[in-house]
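Engineer: I'd like to ask you about the structure that follows.
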């Protein structure tokens, strides 16, 4: 079984290798196209592509999409913290040794209580293996259901496999959640860039008067951006952690169900089944503020005091229920519903 776990560990590691050096990602840096590479590999690619000359842009080694580098170059690119956290967890995994609790007593071919007796039966009531003597002494009551180990193994393998589809759906949901987080993050950053340009254009009209206002507003925008980015990173980290645990648990359970011997499988089936069900019931709570967007309010012209406005966060409303669709058929209900929605559009969080 240790071989199966080692194989699973190697497959997980292979999915997180750098496309440039073909090794496990080290200090993963994220390009604008969402591809991730080792920081040192990106630095080498940038140097080779520009013959050592300074350049504020570089092409992705995979898709060739252009990325504008910050002033600090490759060092200033965003670190893929979610992937870095996952890789750290992978490096800390310990493959069970021959002395692990899982392998203690593997393949219990003979009864420990009655020497020489083979464990050929399985009590469904007690969920334990038994020999003929055990069956007569401890499992003879009518409520004890005894079957042979071959039948029990087939039956409970199917029982464990029955958990796989729902687990797979959970994993699909986790992946969709991550994609949604990425989309929201891009939309938010695009809006941030738009507001930043508006602020900078206004400041250029009278740079001497609005410099302090520009600085204040950019600081506010940065604060909102950092707050949003932290919430988004935390959400994706939480989803990634749960996703990794569920993927790893499902993979180990599949390997266990496929490769374990009958006695080994039946010995550890209750704990494996209980562990999968417990992990399946774990769900993430949706944090507040993921769908908020920044807006600029109170912007005035230079001649009125050089007030560039204030950056606030406005909630994006999502339709959960329509009013006026049921009831006595009075059309007035629909108009009242329309008024409610109109009023919601004007709500701003300060």
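What follows draws every value from the coordinates through simple rules; no lab data is involved. These numbers were taken from a predicted model, which means no experiment stands behind them. Don't worry about glycine lacking a Cβ; one is built from the backbone with ideal geometry, like all the others, and counts go over all protein chains shown.
Engineer: With the Cα gyration tensor of region 105-185 giving a ≥ b ≥ c as the square roots of its eigenvalues, does the rule (a/c under 1.5 for rounded; else a/b larger than b/c for prolate; else oblate) give rounded, prolate or oblate?
Structural biologist: Cα axes put region 105-185 in the prolate bin.
Engineer: May I pose another question? Using a simple spin-label model with points 7 Å from Cα along the Cα→Cβ vector, what separation in nm is obtained for residue 215 and residue 127?
Structural biologist: In this crude spin-label approximation the distance works out to 6.7 nm.
Engineer: Under the classification rounded if a/c is under 1.5, otherwise prolate if a/b is larger than b/c and oblate if not, where does region 147-297 fall, given a ≥ b ≥ c as square roots of the Cα gyration tensor eigenvalues?
Structural biologist: Numbers: a/c = 5.51, a/b = 5.07, b/c = 1.09.
Note, shape of region 147-297 comes out prolate.
Engineer: Sorted from fewest to most neighbouring beta carbons within 10 Å, what does the list 267, 56 look like?
Structural biologist: In increasing order of surrounding Cβ atoms, one gets 56, 267.
Engineer: Hey, any idea what Rg/Rh is for region 198-252, computing Rh the Kirkwood way over Cα pairs? Don't skip to the end; give the middle numbers.
Structural biologist: Details: Rg = 20.5 Å, Rh = 14.2 Å.
So for region 198-252, dividing Rg by the Kirkwood Rh gives 1.45.
Engineer: Ranked by Cβ crowding within 10 angstrom, fewest neighbours first, how are 172, 251 ordered? Spell out each step's value before the answer.
Structural biologist: Numbers: 172 10, 251 17.
By the 10 Å Cβ count, ascending, the order reads 172, 251.
Engineer: At R0 = 25 Å, how high is the FRET efficiency between residue 26 and residue 284 if r is their beta carbon distance? Nearest 0.05 is fine.
Structural biologist: Working: r = 29 Å, r/R0 = 1.16.
In this case the efficiency is close to 0.30.
Engineer: Here's something else I'd like to know. Less than 14 Å from a label point 7 Å out along the Cα-to-Cβ axis of residue 19: which backbone N atoms in region 55-72 qualify, by residue?
Structural biologist: Residues passing the 14 Å test: 59-67.
Engineer: Would you mind computing, in nm to one decimal, how far apart the modelled labels at residue 277 and residue 312 are, each placed 7 Å from Cα along Cα→Cβ?
Structural biologist: According to this spin-label approximation, the distance is 5.1 nm.
Engineer: Right, here's the next one. For residue 85 and residue 144 in the same chain, what is the full-extension length gain: residue separation times 0.36 nm, less their Cα-Cα distance, in nm? Walk me through the numbers on the way to the answer.
Structural biologist: Details: separation 59, 0.36 × 59 = 21.24 nm, distance 4.83 nm.
Taking residue 85 through residue 144 to full extension adds about 16.4 nm, to one decimal.
Engineer: Something else about it: With 10 angstrom as the radius, rank 40, 212 by how many other C-beta atoms surround their C-beta, starting from the fewest. Walk me through the intermediate numbers first.
Structural biologist: On the way: 40 15, 212 10.
Ranking 40, 212 by Cβ neighbours within 10 Å, fewest first, gives 212, 40.
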